[in-house]
1. State the antiparallel share, in %, of DSSP beta bridges confined to the stretch A:57-178, rounding to the nearest 5.
2. Computed FRET efficiency, Cβ-Cβ of B:ALA221 and A:TYR250, R0 45 Å: what is it to the nearest 0.05?
3. Using the Kirkwood radius over C-alpha pairs as Rh, can you work out the diffusion coefficient of chain A via Stokes-Einstein at 25 °C, viscosity 0.890 mPa s, in µm² per second?
4. Between A:SER461 and A:TYR332, take the C-beta separation as r, use R0 = 35 Å, and let me know the FRET efficiency to the nearest 0.05.
5. Quick check for me: using +1 on Lys/Arg Cβ and -1 on Asp/Glu Cβ, what's the dipole size of the protein assembly as shown about its Cα centre, in debye to the nearest 20?
6. Taking only the C-alpha atoms, wrap a convex hull around the stretch A:81-136 and report its volume per residue in Å³ as a whole number.
7. Tilt of helix A:249-266 relative to the longest C-alpha principal axis of chain A, in degrees (0 to 90, nearest 10)?
8. Of the listed peptides A:248-256, B:219-227, what is their order by residue-averaged count of other C-beta atoms within 10 Å, with the highest listed first?
Amino acid sequence: MARSLSPLEVYNLLPKTNCGKCGEANCLSFATRLVNLEVEIEKCPPLVEEVKYRENYFKLKDLLKPLIREVLITRGGKAVRIGGEYVLYRHEFTYRRPTAIAIDVSDNMTPESIIDRVKQIESLSYPYIGKELKLDLIAVRSVTGDPESFRKAVRVVLGSSSLPIVLCSLNPDVLKAGLSEMPGDKPLIYAATVDNWSQMVELALAYDCPLVVSAPNNPVTLKSLVKTLLECGLEDLVLDPGCMGGEGLYDTIVNFTMLRKAVFRANDSLLGFPLLGAPISVWLENGRALDRKWEECYLAGMLIVRFADVLIIHSLDGWVILPLLILRDNIYTDPRKPVSVKPGLYKIGTPNESSPVMFTSNFALTYYTVSSDIQAAKVDAYLIVVDTEGLSVTSAVAGRKLTADKVADAVKESGIENLVKHRYLIIPGRASKLSGEIEEATNWKVLVGPLDSSEISKFLSENWYGKKLWEAGR
Amino acid sequence: MPQGQVNLIRRLFTLSLPLPIESYRGVIAKVKIGATKSEGGSRSYSTTVGGARTLPFYTFEGLNPPPVLALEVYDHLVSPPVGVMEAFGDVIMDPVEWIRVVDRFNPDIINLNVRSISPLTLNRSVKDAMHLLEEVLQATGRPLMITGIMDPIHTEDISRNTEFLKQAAECFKGERLLIGPVTVEAYETVAEAALTNGHNLLAKSNMDVNQAIRLNELLSAKGVSTDRIVVDVTTGALGYGIEYTLSTMERLRLRALQGDRMAGSPMIFFVSENVFISEFREPPLNLSIYETAAAVAGLMSGADLVSLFYVESLHMVRSLLSEFPWGGG
C-alpha cells in the first residue's frame, strides 16, 4: 500500500451498504480504519463471503498490502513477525514490526553451556513504561559443519526454551538435521547463497519455512537470487545484504539504505522483503572482547535505525542489549499517537503506608520527567498516572481530559486507599484550579504541588517530611 | 552442471539494480564557529557545521561534510552521573580545569554550559559568569559554544539567560561563539547582541518542525541569517522521548533539502542528555555506550553537530565516522 492511499479509494471497493457488521457506523469509517491499519479487511463479512464482492476483496487485499512483506517465524504458539512495513521514514506513517533480536548459540558448545546461555537469553527482561523489553529469537549456528552435532544442539535448545528459532548453516544437510527436529514450527532458515540456493529452495519448500537469501555486499546478486527463488515458488524471503563492522561498516549501511529506498522510492518490489543484519560478524575480527561488544552495540543500533527487521547478535551483556532494546522500542513507537504510558499506580522506590501520593498525566514525557524527578529527589512515593489521553497536564486541564471525576476514579481504581494510612493527595501545580473539585470528588485532602516537577524534592521536604502530615492521618 | 545453476547465471546477468538516487534542491547552511587571530578572535582554528546536500549516510546520493563533535563541560553539577568522577576526577568541580582536561581529547568544539546562573539553582551572578568565561577562553584555543539555562521556562530564568547571553556576546566580541539557547519566547535581545558582536545562535524549539522554522523566520527578520543559526530540537534521552527528536530532525532535514530555506540551518543533538537519566540502573549500565548508541541514532537522523559528555563516546563516534567517506559540502 502506498501511503498516499485515500480512504475514498478503499471505500469505492467496499460494499457501500453501511450494513454495520464490521462494527463501524458506515463503510466510509471502516475504510478510514482500514487505511490506518486499525482493522483487518476480513472484519467485513459480506466482502469475504459474497461472491459478487470477491474481485473487490482481492483488489483491496492487494491495495492494503505492505510494501515490505510480513514474514512469520513461529514455534508452538509463539510467532515473531518481521517486516510488514509501509513506509521508508517513521514519520510518514509508523514503523510496525519491531526489529526482532536473535542471540546465537553454537553446536560446538556443551549441552550445559547451551542451556545456561538459553536461560540467560530467555530471562533477560527489563521493565520499561509498563512493558517488558525482551529478546525474541535464538539463532542456532553450525560451526562444526556436522549434521549430528547440529541436531543435538537444536534438541537441547528446544528442550530448554520456547523462543522461535533461526537455524544457521550454509550446508543444506546440516540444516535438514535441525529442521527435522521441529516439525510444525517455522524456524527462519539461514541461508541461501549463489552456491547452495537450489538445495535450500528444496528445504524451504519441504518444511514450509521462511528462508534468508544472502549475498554479502552484492545487492545485484541478492536481487537476482530473490527473483530466482520466487520463480521456484517461495514467498517468505528475508534479505541478508551482508553486515560488517570496521572497514565494512560503510558498505553495510549503504546496502541497507539503498535496498529499502529502492522499494519505497523506485518501486522495486523484488526487494520488498524484511532485512536481516548480523552484527555478530564483528566477532570475526581479533582484538579485545570489550571492543567487539562496543562495536556490535553501535552497529546493531545503526541498523535498528536504518531499516533492519531482524538482527543476529552475540553479546549478551545488559549494557550492550539494554540500549538496543530501548532504541528499538522508541523507534517503533507510533508517531501518530501521543506517546502515553499505561494509566495506573506506579511505585517509585519502595513506598510504604506513610509515603506521599501524587498524580500526573499519562503523556509519556510528563511521566518520565515527573518520575525521574521523584527518583532524583531520592524519596519513596506512589505516583498515580491518570488517563489524560496522552495529553500533558496543562493541555488536559484545558481540554477537560483531566477532571476531578477522572482523578477520583483513578484514585479508587489504584487501590491506594489500602496502601497508605493517610489521605493526602499531591496534585500537579498546573492542575491547581481543580483542587477544590478534586477534594470533593475524592474525599482526600489536596496539596497543590509545584508547577515544575524539578521542585518536587524541595516541595516534599518542606510540605511532607517537614510537617510529617501522614502522622495526623488526614 | 545442474540446470538450475545455468538458469541462475543467466538471471545474474539480466537483473540490474538501478540506484534509487534522489536529487535535492536545498542545501544546509554552513555555520562557522570560532574566529582566529587574523579573523578578529583568539581561537587557534575555526570549525564549520553544516553543508549537507543529502540525508545522512545516503552516500550513494552524495557526500556530506563530516559531523562536528563537541564535548561538554558544566560550571556546576548537582549530582554527577555515574562514572563521571572515575572518568574525570575532581576536575569536574572546577570548570576551567575540566576544560583543560577535555581539550586534550581533541573535540572539534567545547560546549561550556553555565547553568549556575539560574536563580532557581546557584543564582550565580552574570558578572561572575563573565569572569569564568574569560578564564575559559584562556584555557582552550578551541572554538567555543557557550550555553546558559537550557530549559528557560520560568520568567526569572528567561531574563537571567538573556542577560547572560547578551553580556557574553558583548564581552567576547569577534570570537564567533555559538551562544544560546534562544527560544520563540525570548530571542530579540540576544539576536541583536549576536549580530552586533559577530556570534552564532543556538535556536531551541520543542519537537515541532514548524516551531523550529518559525523561530528561524523570526531570527531572520531580525537580520540573523540561517548560516548564523544552529537549530536544537533535542527533547529527551534514549528511553525518554528520543524518538520525537529523531523524527523532528528527519522531517526538518527533508524540508530543508526539498528547498525550504528557513529549515536549512544545521542541527545540533545534545546527546549528553543521556548521561543524566535516572532509570535503567539495573544491570549496571555503561553510560558511555548508552550515550554512543543515542549519538549514532541522532547522527543517522541528520544531526550535524553532536554534543557529548564522555570522552569514550567521543572516541567511539569519531572512529565509526572515520569508516565513512565525507565530502566538503
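1. 55 percent
2. Working from the Cβ atoms, E equals 0.60.
3. Answer, rounded: 96 µm²/s.
4. Using R0 = 35 Å, I get an efficiency of 0.30.
5. The dipole magnitude comes to about 1380 debye.
6. That works out to 103 Å³ per residue.
7. 90 degrees
8. Averaged packing, sorted descending, gives the order A:248-256, B:219-227.
FYI, it's all coordinate maths here, none of it is from the lab. Everything numeric here is computed off the predicted structure, so don't read it as measured data. Every residue, glycine as well, gets a Cβ built from its backbone with ideal geometry; the counts of neighbours run over all protein chains shown.
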